[in-house]
Amino acid sequence: MAILEMNQVNKFFGSGHTEIEALKPTNFQAEKGELIAVIGPSGSGKSTFLTIAGGLQTPTNGKVIINEMDITSLKEKKRSAIRLREIGFVLQASNLVPFLTVSQQMQLLDKVKKHNLSAEKLKELYQSLGIEDLLNSFPSDLSGGERQRVAIAKALYTDPSIILADEPTASLDSDRAFEVMEMLKEATTKNDKTTIVVTHDTRLIDYCDKVYNITDGRLSLKQPSH
Amino acid sequence: MFLAWNEIKNNKLRFTLIVGVLMLVSYLVFFLSGLANGLENMNKEAVDKWDGQGVILTEESDINLPQSSLTLDDYNGEGVDEYASLAQINSIATSDDHKSNVSIFGIDKEEFIMPNVIEGDAFAKEGEVIANESLKDEGFKLGDKLSLSSTEEDLTIVGFTNNAKFNAAPVLYTDLYTLQKVRYGKAAENYEDRINAFILRTDNLSDIEVPDELQVVDTTTFIENLPGYSEQNLTLTFMIYFLFIISAVVLAIFLYVLTIQKVSIFGVMKAQGISSSYLARSVIAQTFLLAIAGVIIGFILTMITGFFLPAAVPVAFNYLDLLVYGIVLIFVSVLGALFSIQTIVKIDPLKAIGG
Ligand SMILES: Nc1ncnc2c1ncn2[C@@H]1O[C@H](COP(=O)(O)OP(=O)(O)OP(=O)(O)O)[C@@H](O)[C@H]1O
Ligand SMILES: [Mg+2]
């Protein structure tokens, strides 16, 4: 059973002369335990695809189904609750709260959601991300790569079924980038998650089960899973 | 609270500024309230002291005590529990180089206007007075001979009472005859029954019947018609209400700017699925904390200032008033914060993430 399903989803921006179809009608399915890459040039519609998949914006047409729930016509309030429960976002820009320390970033999630990772699991997560010594640091005291790893910890902490990462490795050197991909891979297979990584870094696709290409809003499967 | 408090801890300067502004506003509110209360007391203390429910004045007097002139037999106490006659004039009393405005009350020793004596004795002979103790602060003492601006007669302070100011002037209590001497000099004999008002103690003021040329006025109305009283009160109350508006607006602006600065942070949290209502509550909680801190510090400052203030400054704090004003200040501050809520609700998480 697909954890994420998109049926005939498209997205228009603007109107009249300036109207563009950022995402052409798309069918897409992702199963548990899959690590999926979406690659494409700038402006091709990668972020549009990812944010529609994550319920951050609604498609013009079509249906988005997360964990058997049709979220297409839900109000923002409901979608927000589903994001909190089902989805972990890792964004290219830092998505940390500047006035909270690393461990407080997780505590904030405790305030708004139950059933997050146990203390033990969280410690493991910190260790596997190599940030166990940074717990009392504020985001401004961290390097770009460290911030990215904290962001991943934050995305995984709520134990979501789907992880959506928009260029998670863009601010990292290649060693770190590979490490981050390995971590996402591990989280995906070990905990049976579904991870979609948007990137234009083709070196990272070796880690992925499926690779999709997107050009001018048209999504196509690049190679069968190996 | 978690977000609110951690943000405050990590941005001490900006939040100290907000607390500082709130502190200054609440300080001013508390102080004005104390001043209003003090001035009010100065005007009506003696009226509170005689503890009556109503006053009989002439219709012509326009509820102004010195303008009301009637005689002892204009009213015989019908329909009230108790009544007392009062003759009153304003004067300036001088003793050596001390000088003070005074309000002289001519009363019947046996009636209830007769004040308690906290020092010295009650007046017994002609020319003797019981003075309000505030005159002591101005340098007057027991046994002082007072010469008055309006007459040759001298008065002697034989006793002191407390809480007796009328229309901002300390009261000298004396017998009716002495007052008439002060007022009419040698002709006093002919005017012995001339008084300004009857003070009434009764539970059914409206039932009292008086001739057409007289009127029965309840004590509240009487106080409100003291010269300058209502104007003063209105001015100060207006200032206080205006300060409420100012604090709401200042807070609204401050928080709005802070919210605008945090749009991307809020957006990121919303993208993650943290609800607008949690963020809104956090901003409200934050405002609440800041407002409480500002009001409490303002209160402490007010108390400290009040402690060091010279007695002549008419500031008297009514703690119930201060409590109410403090709560109102906190409330309007939170109202100011509500202004930012709609901004938070409207933040599009998508924008925060960026393509
Ligand atoms: N809110 C919007 N309003 C109008 N046009 C938009 C909006 N968001 C995206 N677009 C357009 O849709 C197209 C796809 O944008 P999208 O952000 O998905 O690209 P992308 O593949 O993520 O690019 P990049 O690699 O640079 O991040 C672009 O042409 C962009 O200009
Ligand atoms: Mg993008």
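The values are calculated or read from the model by the stated rules, or taken from the named source; none is laboratory data. All values derive from a computational prediction rather than experimental measurement. Positions of Cβ are generated from backbone atoms using ideal geometry, with glycine treated the same way; all protein chains shown enter the neighbour counts. Surface areas here come from the heavy atoms of the whole protein model, side chains and all, with no ligands, DNA or RNA. Shrake-Rupley method; radii C 1.70, N 1.55, O 1.52, S 1.80 Å.
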### Query
Quick one: would you say A:GLU21 is part of a strand (DSSP E or B), of a type in the set (Asp, Glu) and over 18 Å from the mean Cα position of the chain (by Cα)?
yes
### Task
Out of A:LEU35, A:LEU100, A:LEU23, report the one residue that is open to solvent by less than 10 Å² (accessible area, probe 1.4 Å) and at the interface with chain B (Cβ under 10 Å from one of its Cβ atoms).
A:LEU100
### Task
Being within 16 Å of ligand 2 (Cβ to nearest atom), under 29 Å from A:GLY45 (Cβ atoms), part of a helix (DSSP H, G or I) and not aromatic (Phe, Trp, Tyr) narrows it down to one of A:LEU204, A:LEU156, so name that one.
A:LEU204
### Query
So which residues in the stretch B:124-162 are farther than 25 Å from B:LYS186 by Cβ and open to solvent by 10 Å² or more (accessible area, probe 1.4 Å), if there are any at all?
B:GLU133, B:SER134, B:LYS136, B:ASP137, B:GLU138, B:GLY139, B:LYS141, B:LEU142, B:GLY143, B:ASN162
### Task
Among the residues of the stretch B:343-354, write down those that are away from ligand 2 (no atom under 16 Å from the Cβ), within 14 Å of chain A (Cβ to nearest Cβ) and not charged (D, E, K, R).
B:ILE344, B:VAL345, B:ILE347
### Flag for B:LEU13 being within 14 Å of chain A (Cβ to nearest Cβ) and either touching a helix residue (DSSP H, G or I) at 6+ places or on another chain (Cβ under 8 Å) or within 30 Å of B:LYS145 (Cβ to Cβ) (or both)
no
### Query
Restricting the search to the stretch A:164-201, which residues are within 16 Å of ligand 1 (Cβ to nearest atom), surrounded by 18 or more Cβ atoms within 10 Å (Cβ to Cβ), among the hydroxyl-bearing types (Ser, Thr, Tyr) and not in a strand (DSSP E or B)?
A:THR169
### Subset of the stretch A:1-19 (residues that are in contact (Cβ under 8 Å) with a residue 40 or more places away in the chain and open to solvent by 50 Å² or more (accessible area, probe 1.4 Å))
A:MET1, A:ASN7, A:GLN8, A:PHE12
### Query
From the set of residues in the stretch B:11-60 that are over 15 Å from the mean Cα position of the chain (by Cα), hydrophobic (A, V, I, L, M, F, W, C) and under 30 Å from B:PRO211 (Cα atoms), which is surrounded by the fewest Cβ atoms within 10 Å (Cβ to Cβ)?
B:TRP50
### Task
Would you please list the contacts, defined by Cβ atoms under 9 Å and residues six or more apart or on different chains, that run from a residue in the stretch B:97-121 that is open to solvent by 60 Å² or more (accessible area, probe 1.4 Å) to a residue that is of a type in the set (Lys, Arg)?
B:ASN116/B:LYS49; B:GLU119/B:LYS136
### Summary
In the stretch A:134-153, residues that are buried (at least 23 other Cβ atoms within 10 Å of the Cβ) and within 10 Å of chain B (Cβ to nearest Cβ) total 1
#### Entry: Selection from the stretch B:301-354 of residues that are away from ligand 1 (no atom under 16 Å from the Cβ) and among the acidic types (Asp, Glu)
B:ASP321
## Note on the structure
Of the residues in the stretch A:25-80 that are among the acidic types (Asp, Glu) and part of a loop (DSSP other than H, G, I, E, B), the one that is nearest to ligand 2 (Cβ to nearest atom) is A:GLU34
## Note on the structure
For the stretch B:318-340, pairs from a residue that is among the charged types (D, E, K, R) to a residue that is in a helix (DSSP H, G or I), with Cβ under 7 Å and 6 or more apart or across chains, are B:ASP321/B:SER33; B:ASP321/B:ASN37
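For (1) surrounded by fewer than 16 Cβ atoms within 10 Å (Cβ to Cβ); (2) small (Gly, Ala, Ser); (3) within 11 Å of chain A (Cβ to nearest Cβ); (4) in a loop (DSSP other than H, G, I, E, B), each residue gets a yes or a no:
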site: B:LEU279; (1), (2), (3), (4): no, no, yes, no
site: B:ILE284; (1), (2), (3), (4): no, no, no, no
site: B:ALA291; (1), (2), (3), (4): no, yes, no, no
site: B:ILE297; (1), (2), (3), (4): no, no, no, no
### Query
So which helices (runs of 4 or more DSSP H) are wholly in the stretch B:169-274 and hold at least 3 residues that are within 23 Å of the chain's Cα centre (by Cα) and touching a residue at least 40 places away in the same chain (Cβ under 8 Å)?
B:219-224, B:229-261
### Query
Taking B:MET239 and the conditions (1) within 30 Å of A:ALA53 (Cα to Cα); (2) more than 12 Å from every other protein chain (Cβ to nearest Cβ); (3) not β-branched (Val, Ile, Thr), which numbered condition does it fall short on, given that it satisfies the others?
(1)
### Any chance A:ARG79 is open to solvent by 70 Å² or more (accessible area, probe 1.4 Å), more than 14 Å from ligand 1 (Cβ to nearest atom) and at the interface with another protein chain (Cβ under 10 Å from one of its Cβ atoms)
no
## Note on the structure
Selection from the stretch A:108-129 of residues free of Cβ contacts under 8 Å to residues at least 40 places away in the same chain, more than 14 Å from every other protein chain (Cβ to nearest Cβ) and either open to solvent by 40 Å² or more (accessible area, probe 1.4 Å) or not aromatic (Phe, Trp, Tyr) (or both) yields A:SER118, A:ALA119, A:GLU120, A:LYS121, A:LEU122, A:LYS123, A:GLU124, A:LEU125, A:GLN127
